[in-house]
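One structure is given here, and the rest of the page talks about it.
The values are calculated or read from the model by the stated rules, or taken from the named source; none is laboratory data. Just so we're clear, the structure is a prediction, and the values are computed from it rather than from any experiment. Note that each Cβ is placed from the backbone with ideal geometry, even for glycine, and that neighbours are counted across all protein chains shown. Side chains are part of the model used for accessible areas, which takes the heavy atoms of the whole protein and leaves out ligands, DNA and RNA. Shrake-Rupley method; radii C 1.70, N 1.55, O 1.52, S 1.80 Å.
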Amino acid sequence: AEAPDGQRHHFSWWIGFAPAENPLLAVAALVVNTAKWRIKSSYLARETLEVYFQAVVAQDISAR
């Protein structure tokens, strides 16, 4: 896609949920980059899921 300033942009979408059985979390990630890729939506979504589930595990451990 092209922005009003004429610069080209790359759009990356990722939508998913986790865990696969009995989902607890849904994530939608949209990343807009200039012509030089910096990050993709799948990476951002993976990092988000990882941080969330690490916090869930830490909370579960501290509740014991």
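What to note about this one:
- Low-density loop cleavage sites - chymotrypsin sites (Phe, Trp or Tyr not before Pro) in the chain, where at most 16 other Cβ are within 10 Å (DSSP): TRP37
- Rounded to the nearest 0.05, the FRET efficiency derived from the C-beta distance between ALA55 and VAL27 at R0 = 22 Å is 0.95.
- 0 to 90° range, to nearest 10: angle between helix 41-63 axis and the chain longest Cα axis: 20
- Surface exposure of the chain, expressed per residue as accessible area with a 1.4 Å probe, stands at 79 Å².
- Expressed as a whole percent, the accessible surface of the chain that belongs to carbon and sulfur atoms is 58, based on a 1.4 Å probe.
- Listed residues TRP13, ASN33, TYR43: farthest to the positive end of the dipole of the chain (Cβ charges): ASN33
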